[in-house]
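To start, the structure under review is shown below, and the notes come after it.
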Amino acid sequence: MKKVIIMSFLILAFTMPLAQASKFEKYPDNAEKKFLGADEYYQQANRSEYTEYPDSVFKLRENVLYKDINKVFSNVPKQFNTTSGVGDGVGYNQKRQVYIFISAKYVNKKLFSQHAVFDAETGRKISSAK
C-alpha cells in the first residue's frame, strides 16, 4: 500500500510541471529571441491590421514583454483615454514579446484614439480598439 501511495505521489509530482508548461505551449517564452524594432515592424506591417492616424498628436510604438502591456498603457497620458483591453491572455507566456502601437488625434476638439497589440514572433494581432 505504501508503494502505491509513493508511486501515485511521484507520478503526480512529475506531471504537474508538464501540465503547467503546456499552459503556454501555443505561445511560449521568446524573451531571448531577437525581433525587429517596433518602428521597423510598423513600417512593414499590414496596413489593413493597423494604421496610425496620419495627423496624430500622440504616437507610441514599443516592443515589450506580454507581462508589461498594462504598464505601457498606464504610462500613456490620461488625456488620450486609452485602455488595454488585451483580454485574458490564455496561451501567452508572460515573457513573450509583443509590439504595442497607440495613436491619438483630435478632430473638431473631439479625441479619437486607437491601439493594437501584435505578437512579435507570429505577427498575429492579439488586440485592437478604436
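Brief remarks follow.
- So Tyr41, is it over 13 Å from Ser113 (Cα atoms) and at pLDDT 95 or above: yes
- Which numbered condition Ala120 fails, given (1) crowded, with 17+ Cβ neighbours inside 10 Å; (2) modelled with pLDDT under 95; (3) among the small types (Gly, Ala, Ser): (2)
- Hits in the range 48-71 (condition: in contact (Cβ under 8 Å) with a residue 24 or more places away in the chain, assigned to a loop (DSSP other than H, G, I, E, B) and surrounded by 13 or more Cβ atoms within 10 Å (Cβ to Cβ)): Glu49, Tyr50, Glu52, Tyr53, Ser56, Val57
- Annotation: of all residues in the range 59-88 being closer than 14 Å to Phe112 by Cα and charged (D, E, K, R), the one that is modelled with the lowest pLDDT is Lys78.
- Applying the condition of being surrounded by fewer than 17 Cβ atoms within 10 Å (Cβ to Cβ) and among the aliphatic types (A, V, I, L, M) to the range 23-47 and asking which residue is farthest from the chain's Cα centre (by Cα) yields Leu36.
- Taking every residue in the range 78-94 that is within 15 Å of Lys67 (Cα to Cα) and pairing it with any residue that is at pLDDT 80 or above and small (Gly, Ala, Ser), at least 6 positions away or on another chain, the pairs with Cβ-Cβ distances below 8 Å are Ser84/Ser127; Gly85/Ser127; Gly85/Ala129; Val86/Ser127; Gly87/Ser127.
- None of Ser56, Ser8 is at pLDDT below 90 and among the hydroxyl-bearing types (Ser, Thr, Tyr) except Ser8.
The values are calculated or read from the model by the stated rules, or taken from the named source; none is laboratory data. Since the structure is predicted, the reported quantities are computational estimates derived from the model, not experimental observations. Cβ coordinates were reconstructed from backbone atoms using ideal geometry, including for glycine residues, and neighbour counts include every protein chain displayed.
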